[in-house]
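Below is one structure; the comments refer to it alone.
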Amino acid sequence: MKKALFYLWGMLLLASPLYAQIETKVYQTDHHIDTLKQGELSFELDNISFFKDNEFAGGIQKGYSLPGFWIQPKLVYYPLKNIKLELGAHLLRYWGANIYPAAYAYHDIPSWGGEQYQKGFHALPWFRAQVALSDRFSVVLGHLYGASTHQLIEPLYNPELNLTADPEAGLQILYNAPFMDLDVWVNWQSFIFREDTHQEAFIVGLSSRFKFNPETAPFHFYLPVQALVQHRGGEIDTLYTNSVQTLMNAAVGFGTVWNTKHPVVQRWGAEADVALSYQQAGKLWPFNSGTGFYVRTYADLKDFRIKAGYWRCKEFVSLEGSPFYGAVSFKDEGTLFHSPHMATFGIEYARSLGHGFSIGADVDVYCHLKSHKTTAEGEYLASPSATSFSAGVYLRINPSFLLFKRAQ
């Protein structure tokens, strides 16, 4: 009876890509160019400080904590009204850590052989060149408007990567119109030279939303289409066994937003998505294809958001999502789950403190429901229900200081 109620609850819940408060107010970056800043040179300091504790149960993933911050000091210059140039560095620091692998972002790429380490910070040079070809169309080279700015659903992208992952870099095309939002990008994760012993790796991404009516309408309806394709290979490396892997995640859904204009419950949103995973080449994943069903709903109460959701999948594996949205154990190597499903509940707080300053906090509960699993030894066992918790506090600081303005 309990299982049936959970399932019914999940079927009634729908999810939102008008993203969580923390993602919109803390994580995301506005990609629109201010044409009035032509000729300005500024110093900008972008930073997120965080403390996140994951108390995970069950057989999917072990718990861990993330205390630290990342910071991006950079110079920002507008040579023309439609061009923005940024140059600086990205520095990641975990409290209590002193040595970082230089190739941290590529630790999961097979046969990666980097042995260099950095002291004090995980440090990377940072550069972005953006050209706005019109009010709606932009091209970005260098470091991208990535992470939560892509607005991918959680089974495809884990919001925690906003804190831990290297900035995405490559090529990006952004288009915004009344009827559609489009984000297409190539994130080049691993470059190789001749005779290298690791793989070239890059991700091609698509995030689009077709809008059936204005977002400000009392009831707004939209259709999201999203995809991630990662290719690992390279014609000039020295790998000859399983030297090419191509992996894909995709999702399509339907959603609605009710702009209530109520003084307490200001907005309610709902979305349902069907997700797909596909291994076109290689043997990195134990399944060549899989599917998932994701539903979630939320209500906004000024600076608070109350949310709930349901996920069920069969042989699904996520490229960049949380391991909870998949059928492979990251805790016990070789363990696979049969049609795992879970209910999620959470509350979050996010507030803009002023221009360039915002704070957020969240608590999430993951109720892993009963299913079955197969161990690496081939045993078919029951996977009992379990409850995982996650809580975090985040502070975004992004001040800008004008250094020089060229006379027009």
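The values are calculated or read from the model by the stated rules, or taken from the named source; none is laboratory data. Bear in mind the structure is a predicted one, so any value in this text is a computation, not a measurement. When we count neighbours, we look across all protein chains shown, and the Cβ atoms used for this are built from the backbone with ideal geometry, even at glycine. Keep in mind that these areas ignore ligands, DNA and RNA; they rest on the heavy atoms of the full protein, side chains included. Shrake-Rupley method; radii C 1.70, N 1.55, O 1.52, S 1.80 Å.
Restricting to Cα pairs below 8 Å that are 6+ residues apart, what does the relative contact order work out to for segment 99-227? Please round to a whole percent. The partial results should precede the final answer.
Details: 234 pairs, mean separation 24.5, N = 129.
Once divided by the residue count of segment 99-227, the mean separation gives 19 percent.
Can you put GLU377, GLU195 in order of accessible area, largest first, using a 1.4 Å probe? All intermediate terms of the calculation are to be shown ahead of the outcome.
Working: GLU377 145, GLU195 120 Å².
Ranked from most to least accessible, the order is GLU377, GLU195.
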**Message:** How charged is the neighbourhood of ASP34? Take every other residue with its Cβ under 11 Å from the Cβ of ASP34, and add Lys/Arg as +1 and Asp/Glu as -1.
**Reply:** +1
**Request:** Determine the distance separating the Cα centre of segment 244-264 from the Cα centre of segment 131-155; give it in Å without decimals.
**Result:** 17 Å
**Item:** Most mobile of LYS302, LYS373, LYS261 in a GNM of the chain (Cα contacts under 10 Å)
**Value:** LYS261
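Rg/Rh for the chain: what does it come to with C-alpha atoms and Rh from Kirkwood?
Details: Rg = 21.7 Å, Rh = 22.6 Å.
For the chain, the value is 0.96.
Determine the share of the chain's accessible area contributed by carbon and sulfur atoms, expressed in whole percent, with a 1.4 angstrom probe. Don't jump to the answer; show the numbers that get you there.
Numbers: 12510 of 19760 Å².
Ligands and nucleic acids excluded, carbon and sulfur give 63 percent.
Relative contact order, percent, of the chain when contacts are C-alpha pairs under 8 Å separated by at least 6 residues?
On the way: 1127 pairs, mean separation 74.1, N = 408.
Relative CO of the chain lands at 18 percent.
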**Request:** Express in whole angstrom the spacing between the alpha-carbon centres of segment 41-60 and segment 300-330.
**Result:** 18 Å
**Fill in**
Per GNM of the chain with C-alpha springs under 10 angstrom, the most fluctuating residue out of ARG232, ARG128, ARG136 is ARG136
**Fill in**
Filtered hits (aspartates and glutamates, Cα-Cα < 16 Å from LYS261, offset >= 8 within chain) -> GLU215, ASP300, ASP303
**Asked** Which of the lysines could be linked to LYS52 by a straight reach, that is with a Cα gap under 30 Å, when you skip same-chain ones fewer than 8 residues away?
**Response** LYS25, LYS62, LYS74, LYS119, LYS302, LYS307, LYS314, LYS331, LYS370, LYS373
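What ranking of GLU379, GLU44 comes out by heavy-atom accessible area, probe 1.4 Å, highest first? Each step should come with its number before you reach the end.
On the way: GLU379 100, GLU44 30 Å².
Heavy-atom accessible area, descending, gives GLU379, GLU44.
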**Message:** I'd like to check one number: the per residue accessible area of the chain, probe 1.4 Å, reported in Å² as a whole number.
**Reply:** 48 Å²
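Please give the calculated 222 nm ellipticity per residue for the chain, where each DSSP H segment of at least 4 residues contributes -39500 (n - 2.57) and the sum is spread over every residue; nearest 500 deg cm²/dmol?
Working: 2 runs with 15 residues, N = 408.
Dividing the helical sum by the residues of the chain leaves -1000 deg cm²/dmol.
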